[in-house]
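> First the structure, which I've put down as structure tokens, then a few questions once you've had a look.
What follows is calculated from the coordinates using simple rules that are stated; it is not laboratory data. On a predicted model such as this, the values are computed, not experimentally measured, just so you know. Quick reminder, even Gly has a Cβ in these numbers, built from the backbone with ideal geometry, and neighbours come from all protein chains shown.
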Amino acid sequence: MAKETLFSVLSRSPWWLSVVIAAAMFALVRLFLPDFAAFFAALPFLALAGYAGWRQSRAPSVANVEETLGKLRAMSWENFSAVIGEAFRRDGYTVTEIPGNAADLELRKNGRVSSACCKRWKVANTGVGPLRGLHAAMQARDADECIYVAAGDFTANARVFATEKAIRLLNGAALVKLVARVKRGKWRWSFFR
């Protein structure tokens, strides 16, 4: 779905906004057409409100995100890399560890190869340097894409560089969502105490 369409914008907006638009659409169409026509004009917005509400109910809360990120930052490198590897496995990837500094994992899924880096997971703000290294490692390994995993944030320059080089940044709520499967699974007690 294109990011600029009305429906894609509303699917990312609070669910109640679609309900308000549906009510306005119903009232407007009702001025010119019968009630059943007004209902059918508002129906797509009501369906979108349901979809947006369902998505928002599944999203982790701000408190949960902060708590999980804190637990991830407190992990040793061995535990953190094991959790990230297992999370990608549960997401359907074949995961292979890569020796070296720039990339840590090679991920394979649907014929595509990704290089992933997660060594600097504890850093509060990741700059451009590690992203340049990951991008160079991706090119050296002839990978299709690269993913940088961090429990912290990224500097503005790092975000611009990532956009230019199509590097997927995985942090915050997206990282919590990825590791949630591991948190609920067999490794829960050993890694998320």
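> Could you tell me the relative contact order of the stretch 6-58? Use alpha-carbon pairs under 8 Å, at least six residues apart, and round to a whole percent.
48 percent
> Which three extents, in whole angstrom, do the alpha-carbon atoms of the stretch 113-159 cover along their principal axes, largest first?
30, 18, 12
> Another question, if that's okay. How large is the convex hull of the Cα atoms of the stretch 6-58 per residue, expressed in Å³ as a whole number?
Residue-normalised Cα hull volume stands at 56 Å³.
> Against the longest alpha carbon principal axis of the chain, how many degrees, from 0 to 90 and to the nearest 10, is the axis of helix 35-58 turned?
Value to nearest ten degrees: 20.
> Using Cα atoms only, what is the angle between the long axis of helix 172-184 and the major principal axis of the chain, expressed in degrees (0 to 90) to the nearest 10?
Once rounded, the angle reads 80 degrees.
> When a footprinting reagent is the concern and you count Cβ atoms within 10 Å, what order do S18, S114, S76, S13 take, fewest first?
Least crowded to most crowded, the residues run S76, S13, S114, S18.
> Further question on the same structure: Sorted from fewest to most neighbouring beta carbons within 10 Å, what does the list W16, W121 look like? Working shown, then result.
Working: W16 11, W121 23.
Fewest to most other Cβ atoms nearby, the residues stand as W16, W121.
> Of C118, A137, N157, which is farthest along the charge dipole of the chain in the positive direction, counting Lys and Arg as +1 and Asp and Glu as -1 at C-beta?
Value computed over the given set: C118.
> Please report the antiparallel percentage of DSSP beta bridges with both residues in the chain, rounded to the nearest 5.
Counting DSSP beta bridges with both partners in the chain, the antiparallel share is about 45 percent.
> Same structure again: State, in angstrom, two size descriptors of the chain derived from its alpha carbons: Rg to one decimal place and Dmax to the nearest whole number.
Final numbers for Rg and Dmax: 21.1, 68 Å.
> What is the count of Lys pairs in the chain whose alpha carbons sit under 26 Å apart, if the two are 8 or more places apart or on different chains?
Here the count comes out as 23.
> Going through the stretch 29-92, which trypsin sites (Lys or Arg not before Pro) have at most 13 other Cβ atoms within 10 Å and a DSSP loop state?
Of the trypsin sites (Lys or Arg not before Pro), not one in the loops of the stretch 29-92 has a Cβ with at most 13 other Cβ atoms within 10 Å.
> Could you work out the relative contact order of the chain? I mean the mean sequence separation of Cα pairs under 8 Å and 6+ apart, divided by the number of residues, in percent.
Rounded, it is 16 percent for the chain.
> Test of understanding: ordering S8, S57 by Cβ neighbours within 10 Å, fewest first, what list do you get? Mind dumping the intermediate values first?
Working: S8 13, S57 8.
Sorted ascending by nearby Cβ count, the order is S57, S8.
> Starting from 0.36 nm per residue, how many nanometres of slack lie between W16 and A140 once their C-alpha separation is accounted for?
Extending this stretch completely gives an extra 39.8 nm.
> Something else about it: Treating the angle as unsigned and between 0 and 90°, give the value, to the nearest 10°, between the Cα long axis of helix 128-141 and the longest Cα principal axis of the chain.
80 degrees
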